[in-house]
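J.: Once you've had a glance at the structure underneath, I'll fire off some questions.
The values are calculated or read from the model by the stated rules, or taken from the named source; none is laboratory data. These numbers come from a predicted model, not from an experiment. With ideal geometry, Cβ positions are generated from the backbone for all residues, glycine too; neighbour counts draw on all protein chains shown.
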Amino acid sequence: MKRILFLGYGALSSQVHKKFFYENNFHVDVFAENYRSEICLNIEAIHNYSSFDDKVEKYDIVLIFWRTLNVEKENLLLKLVGNLHASSSVIYFGSAAVYGSGIDFSEDFNAALPINQYGRDKLEIEKKITELIPSNTILFRITNLYGNYGFDDITNRTIRNLYLGQELEIYGDGNETRDYISVSDLMKILAMVFSKDFSRDFYSSCRILNIGTGIGTSTNDLISRISMFMVGEAPKVKYIPNVSQLISQNTINPQKLVKCFNFIPLELNDCLEIYIRNFIVDVIS
């Protein structure tokens, strides 16, 4: 039986758990803080980070979803080093926010130049994980995910507010550009990662994976597209200007997704309308 370790548990990790590890042929341990009990799936207990036991059987796959680092988490990573096989895989769900503001970022440690605290925190975690577990780690640098009902993101808020006829608040002037990728494509990428027989060459060449489409969409354009699918008229938007540390544009180059997996994510328009319809039926109605 494969042993799986989740570090952190929220809407995304719950979806990963349900998609890949909900069946009985996996042993799943979860260590998390500030989780929502309603999203926990068939988990007997969620443990505190300080209770991690380095004497248990070794883990085959470790999935890390942390947003910040602290002493308890660092101590857990130190203990985790002894709980891995030579063939174990460690995947960190990081963020393209580590790049800061710009376009066409390639997968490189030296390209990271975060301009806000979220990006700095995610980069700090990347560095700590690769320092302690240098040979078995894949770093996902994920752009703006959409497609999960549990996300409190601009896509879900826009759909909900348009449907209810409520004003939508957004930070900045709406010209901020982001690279949007669907959660369903992230799940496909994970499936390919899990099916790989990783070699040392693979880890060295594909250690960092940009998870995105490479196509930028402004916030105003995203809202307009959702509005077009739903009501065909402009929504009521309240802009909140002069937000400090707001990234003006952030799109990545997903070249290693093609190189390592021969995979090209779907563009926003290919997924958005179906997701809007499902969200209205399953969540709002």
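J.: Please state which one of 61, 103, 125, 133 is assigned by TED's automatic domain parsing to the domain that holds residue 27, crowded, with 23+ Cβ neighbours inside 10 Å and touching a strand residue (DSSP E or B) at 6+ places or on another chain (Cβ under 8 Å).
T.: 125
J.: Check the range 13-25 and report whether any residue there is among the hydrophobic types (A, V, I, L, M, F, W, C), modelled with pLDDT of 90 or more and within 19 Å of residue 211 (Cβ to Cβ).
T.: Yes, the conditions are met somewhere in the range 13-25.
J.: Those residues that are hydrophobic (A, V, I, L, M, F, W, C), in contact (Cβ under 8 Å) with a residue 60 or more places away in the chain and farther than 15 Å from residue 139 by Cα, I need them from the range 208-223; list them, please.
T.: 222, 223
J.: What number of residues within the range 191-207 are in contact (Cβ under 8 Å) with a residue 60 or more places away in the chain and in a helix (DSSP H, G or I)?
T.: Count: 6.
J.: Just the residues that are assigned by TED's automatic domain parsing to the domain that holds residue 159 and among the charged types (D, E, K, R), please, taken from the range 234-266.
T.: 236, 238
J.: Which one is surrounded by the fewest Cβ atoms within 10 Å (Cβ to Cβ), of the residues in the range 232-261 that are within 20 Å of the chain's Cα centre (by Cα) and hydrophobic (A, V, I, L, M, F, W, C)?
T.: 258
J.: When you scan the range 186-230, how many residues do you find that are in the same structural domain as residue 64 (by TED's automatic domain parsing) and of a type in the set (Asp, Glu)?
T.: Of the residues in the range 186-230, 2 are in the same structural domain as residue 64 (by TED's automatic domain parsing) and of a type in the set (Asp, Glu).
The rows are residues; the columns are (1) of a type in the set (Ser, Thr, Tyr); (2) farther than 25 Å from residue 264 by Cβ; (3) surrounded by fewer than 18 Cβ atoms within 10 Å (Cβ to Cβ).
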| position | (1), (2), (3) |
| --- | --- |
| 161 | no, yes, no |
| 173 | no, yes, yes |
| 183 | no, no, no |
| 191 | no, no, yes |
| 204 | yes, no, yes |
